[in-house]
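Below you'll find the structure, written out as structure tokens, and then a few comments.
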Amino acid sequence: GECTPDDARCSDNLLARCNDDGQWGAPEPCPAEAPVCRGTACTTPPSCDGLPSTCGPGATEGCCASAVVPGGTFNRGNDPGSPAIVSDLRLDRFEVTVGRFRKFVAAYPGSQPAADAGAHPGIPGSGWNPAWNGELPADAAALRASVMCNPDNPDMRTWTEEAGAREHLPMNCVSWYVAFAFCAWDGGRLPTEAEWNYAAAGGSEQRQYPWSNPPESTTIDASYASYDCRESAAPGCTFQSDFSDIVPVGSRSPKGDGRWTQADLGGSMREWILDGYGTYPAECVDCANLTDTSNRVVRGGSSFGAPSYLLTSARVSVAPSAPYYSLGMRCARRP
């Protein structure tokens, strides 16, 4: 259609510009440093608007940093009987922090998703279903109350009513619905199980752990990940029965990073996945299980999980309305 030269517009997180002939050019993805298209420009995700760069091992990286995961073919669960093809995507380097989630709370309920928001661009029906609206807290006060999980041990939840020392910790105690709503509001989406597994396994390298090099290595210790902080103090754990065993996002980077620099794909927080929990879809070209939705897939293990849960093949089933202190989120985006 016709337009005024130099005009710009966003559509489906792509930016189109009007050329000198008054015609819209082809929409293009936003750059890595400003991966969200809002209005007429590419910007940082709203969860990082004005947020200091306090993430990563030196507490100097932007908490919304993301990295491209080049697509390819791999075996889900390291099983040759479950091949899959995954297209290019961008996956956040860090799990969502308390500081980022605070921006979502401040915008709530205006940050609730519209119909079809947060969809995978290649998977019809993967966006927000308005039938889920009743699963979201009604207002900001209800949202804040919803993340106060684990009443018997309240120090295990990372959210605080006022900003403080925990802003760079991973946000926990969120339901699948809240995680979906957050990522959609932030210009992204929840990753599919195939995408998350592909990134963690290093694609065709089929890594045992996200950091495994060589891929078949099963070496794991506290320098790679935060894990196994349970009844007794494992190496690297304090087990003070409080959040001191929940470590800042990226604290094990770069040693514990995956092939494409994503941190904490093993340990720290388990992460919500788009898919319902069931058998893998038989044919998988950018696939997702959108039918077995009574429970959702959780991946990655946590600071409180055994080493076996950190394997890239490990998957867990959790009710979507259930918030846990060991469960957080990470967003995927257009490449």
- Message: Considering only residues that are surrounded by 12 or more Cβ atoms within 10 Å (Cβ to Cβ) and at pLDDT below 85, which ones fall in segment 216-241?
- Response: R230, A233, A234, G236, C237, F239
- Message: If a residue counts only when it is surrounded by 15 or more Cβ atoms within 10 Å (Cβ to Cβ) and without any contact (Cβ under 8 Å) to a residue 40 or more places away in the chain, which strands (runs of 3 or more DSSP E) contained entirely in segment 1-88 have at least 1 such residues?
- Response: 8-11, 14-17, 41-43
- Of the residues in segment 280-304 that are at pLDDT below 95 and among the charged types (D, E, K, R), the one that is surrounded by the fewest Cβ atoms within 10 Å (Cβ to Cβ) is E283
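Confirm whether S82 is small (G, A, S) and in contact with a Lys or Arg (Cβ under 9 Å, 6 or more places away or on another chain).
Details: small (G, A, S): yes; in contact with a Lys or Arg (Cβ under 9 Å, 6 or more places away or on another chain): yes.
Yes; evaluated as a whole, the condition is true for this residue.
From the residues in segment 242-256 that are part of a loop (DSSP other than H, G, I, E, B) and more than 14 Å from P57 (Cα to Cα), which one is modelled with the lowest pLDDT?
First, the residues of segment 242-256 that are part of a loop (DSSP other than H, G, I, E, B): 242, 246-256.
Adding the requirement that they be more than 14 Å from P57 (Cα to Cα) leaves 242, 246.
Numbers: D242: 55, I246: 90.
So, considering only residues that are part of a loop (DSSP other than H, G, I, E, B) and more than 14 Å from P57 (Cα to Cα), the one modelled with the lowest pLDDT is D242.
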- Can you tell me which residues in segment 151-205 are closer than 27 Å to I123 by Cα and assigned to a loop (DSSP other than H, G, I, E, B)? V174, S175, D186, G187, G188, L190, P191, T192, G202
- Note on the structure: Pairing a residue in segment 120-136 that is without any contact (Cβ under 8 Å) to a residue 24 or more places away in the chain and farther than 18 Å from A332 by Cβ with any residue that is aliphatic (A, V, I, L, M) and in a loop (DSSP other than H, G, I, E, B), where Cβ atoms lie under 6 Å and the two sit 6 or more apart in sequence or on different chains, gives P130/A115
- Note on the structure: Filtering segment 248-279 down to residues that are in contact with a Ser or Thr (Cβ under 6 Å, 6 or more places away or on another chain), under 30 Å from N129 (Cα atoms) and surrounded by fewer than 24 Cβ atoms within 10 Å (Cβ to Cβ) yields G276, Y277
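Listed here are the residues, each with its yes/no results for (1) over 19 Å from the mean Cα position of the chain (by Cα); (2) in a loop (DSSP other than H, G, I, E, B); (3) more than 13 Å from A184 (Cβ to Cβ); (4) polar (S, T, N, Q).
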residue	(1), (2), (3), (4)
E95	no, yes, yes, no
K103	no, no, yes, no
P113	no, yes, no, no
H120	no, yes, no, no
I123	no, yes, yes, no
G127	no, yes, no, no
G134	yes, no, yes, no
A138	yes, yes, yes, no
C149	yes, yes, yes, no
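The values are calculated or read from the model by the stated rules, or taken from the named source; none is laboratory data. On a predicted model such as this, the values are computed, not experimentally measured, just so you know. Positions of Cβ are generated from backbone atoms using ideal geometry, with glycine treated the same way; all protein chains shown enter the neighbour counts.
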